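Undergrad: Following this message is one structure expressed as structure tokens.
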Amino acid sequence: MILKNNKELKQNDFKYEKDLQKYFENNLNKILNYIFIETEFSVGNFRIDTLAFDEETKSFKIIEYKNVKNNSLVDQGYTYLKLLLERKADFVLKYNEKTNKSLRISDIDWSQSRIIFVSPIYTAYQLNATDFKNIPVDLIKVTRYEEDIVDIEFIKKTSNIKVEEMNLISKQEEVNNEIKVYTEEDHLNNVSREIKELYENLKNKILELDDIDLDIKKVYIAFKGKTNICDVEVFKNKLKVVLNVKKGILSDPLKITEDIATKGHWGNGDYRVEIFNEEDIDNVIPLIKQSLKINKK
């Protein structure tokens, strides 16, 4: 339910799938922070609704729109991802044509490729079928109301079951060999119990600040509002936190941050802090609050 001036707005969903697609493509950077590459991109015998590129992870995203109930999201998702992996050159060529850049196949992180379905409704079957942490299929629910107000919900995965425990068709096995959905466990597998506890304490304190989402990347763990608030790298004896604040804006009275504006680094922002103990967490939270104020939803 959406209220405006204490009045409940009536739902007014997109009448046609094409209208939903047009709205999403026009607002793609604002919604997902992706670069729009092409609409109705044809590769072989397939046509992709929207091709996008994520500069943060250097990976392609395929977006498909569903304005009706459809029971084959996982199968369709793996079909398109298999196409992406088999026709890498076509995707890179289209990216270079649209951006006037000259990326090579080796510049792309194919392991972080994803297919994203966008729809006003999902069936219980679809939600259950995609509720596995390492299936590279994401769902976004879009609800439009009167007065052109649009609510966008990112469907979170909650299942702990791994896709390897399911009976996979060969198409899915081929994709899973190259595309990986990263988890917190991937970052915490080879660290001590002390570092795991340190990370959990930091995570809990960050999530208590506001409505913040967790987005697990290949190299770091992103805490996101409208965009990244901070990115955490896990090491054997410490944590590194990159604050998504431009140089000259952050107030750091304790002088605990490192200026990385001109240094190569993972994560988003110009400041980095190293965390070794609980006291360091207490010191970094006020800095994270400053980034949250800039990047909150």
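Undergrad: Quick one: grab the alpha carbon gyration tensor of region 221-297, order the square roots of its eigenvalues as a ≥ b ≥ c, and give me rounded if a/c is under 1.5, else prolate or oblate depending on whether a/b is larger than b/c. Provide the component values of the computation, followed by the final result.
TA: Details: a/c = 1.26, a/b = 1.23, b/c = 1.03.
In terms of gyration-tensor shape, rounded.
Undergrad: Which order results if LYS240, LYS297 are arranged by neighbouring Cβ count within 10 Å, fewest first?
TA: Numbers: LYS240 19, LYS297 11.
Fewest-to-most Cβ neighbours within 10 Å comes out as LYS297, LYS240.
Undergrad: Within the set LYS217/LYS240; LYS157/LYS224; LYS10/LYS61; LYS218/LYS240, which residue pairs have Cα atoms separated by over 26 Å?
TA: Numbers: LYS217/LYS240 15 Å; LYS157/LYS224 16 Å; LYS10/LYS61 32 Å; LYS218/LYS240 15 Å.
Correct reply: LYS10/LYS61.
Undergrad: Sort out for me the Cα centre separation of region 226-284 from region 73-120, rounded to whole Å.
TA: 31 Å
Undergrad: I've got another one for you. Could you list LEU93, LEU287 in order of exposure, starting from the residue whose Cβ has the fewest other Cβ atoms within 10 Å? List each step's numbers first, then the result.
TA: Details: LEU93 13, LEU287 22.
Lowest count first: LEU93, LEU287.
Undergrad: Classify region 139-297: rounded, prolate or oblate, from the alpha-carbon gyration tensor (a ≥ b ≥ c, eigenvalue square roots; a/c under 1.5 rounded; otherwise prolate if a/b is larger than b/c)?
TA: Details: a/c = 2.04, a/b = 1.27, b/c = 1.61.
The shape class here is oblate.
Undergrad: Anyone know which of LEU139, LEU81, LEU188 comes out most mobile in the 10 Å Cα GNM of the chain?
TA: Among LEU139, LEU81, LEU188, the largest GNM mean-square fluctuation belongs to LEU188.
Undergrad: With just the Cα atoms of region 31-92, tell me how far they stretch along each of the three principal axes, in Å, largest first.
TA: That works out to 31, 28, 18 Å along the principal axes.
Undergrad: Cα gyration tensor of region 3-178, axes a ≥ b ≥ c as square roots of the eigenvalues: rounded (a/c below 1.5), prolate (a/b > b/c) or oblate?
TA: Oblate is the answer for region 3-178, as a/c is 1.5 or above yet b/c matches or exceeds a/b.
Undergrad: Evaluate the relative contact order of the chain (contact order divided by residue number), counting alpha-carbon pairs under 8 angstrom at least 6 apart; express in whole percent.
TA: On the way: 476 pairs, mean separation 36.1, N = 297.
Across the chain, relative contact order equals 12 percent.
Undergrad: Would you list which lysines come within 19 Å of LYS15, measuring only between C-alpha atoms, while excluding same-chain residues fewer than 8 positions from it?
TA: Leaving aside lysines fewer than 8 places away in the same chain, those within reach of LYS15 are LYS66, LYS69, LYS141.
Undergrad: Taking Cα pairs under 8 Å and at least six residues apart, what relative contact order does region 35-102 come out at, in percent? Spell out each step's value before the answer.
TA: Working: 65 pairs, mean separation 17.0, N = 68.
It comes to 25 percent, rounded to a whole number.
Undergrad: Taking H placed 1.01 Å from N in the peptide plane, check which residues at least 5 places from VAL43 or on another chain put their amide H under 5 Å from its amide H.
TA: So VAL43 has HN proximity to ILE48.
Undergrad: For the chain, list log₁₀ I(q)/I(0) at each q in 0.08 Å⁻¹, using the Debye formula over Cα point scatterers of equal strength and ignoring solvent, two decimals each.
TA: -0.40
Undergrad: Please list, ordered by chain and number, the residues whose modelled amide H lies under 5 Å from the amide H of SER113; skip anything fewer than 5 residues away on the same chain.
TA: Result for SER113 returns LYS180.
Undergrad: Determine the dipole magnitude for region 3-178: charges of +1 sit on the beta-carbon of Lys and Arg, -1 on that of Asp and Glu, nothing else is charged, the reference point is the Cα centre, and the result goes in debye to the nearest 20.
TA: Dipole magnitude for region 3-178 comes out near 160 debye.
Undergrad: Name the residue farthest towards the positive end of the dipole of the chain from the options ILE294, ASN277, SER111, assuming +1 on Cβ of Lys and Arg, -1 on Cβ of Asp and Glu, about the Cα centre.
TA: The residue sitting farthest along the positive end of the dipole is ILE294.
Undergrad: Quick one: HIS265, HIS187, fewest Cβ neighbours within 10 Å first, how do they rank?
TA: Working: HIS265 16, HIS187 21.
Ordered by Cβ neighbours within 10 Å, fewest first: HIS265, HIS187.
Undergrad: Under unit Cβ charges (Lys, Arg +1; Asp, Glu -1), what dipole magnitude, rounded to 20 debye, does the chain have relative to its Cα centre?
TA: On the way: 48 positive and 52 negative charges, 113 e Å.
With Lys and Arg at +1 and Asp and Glu at -1, about 540 debye.
Undergrad: Given a 10 angstrom Cα cut-off, can you work out which residue in TYR182, TYR23, TYR199 is the most mobile in a GNM of the chain?
TA: Fluctuation is largest for TYR23.
Any read-out appearing in this document is the output of simple, stated calculations on the displayed coordinates, not a laboratory observation. None of the values given here were measured: they were computed from a predicted structure. Note that each Cβ is placed from the backbone with ideal geometry, even for glycine, and that neighbours are counted across all protein chains shown.
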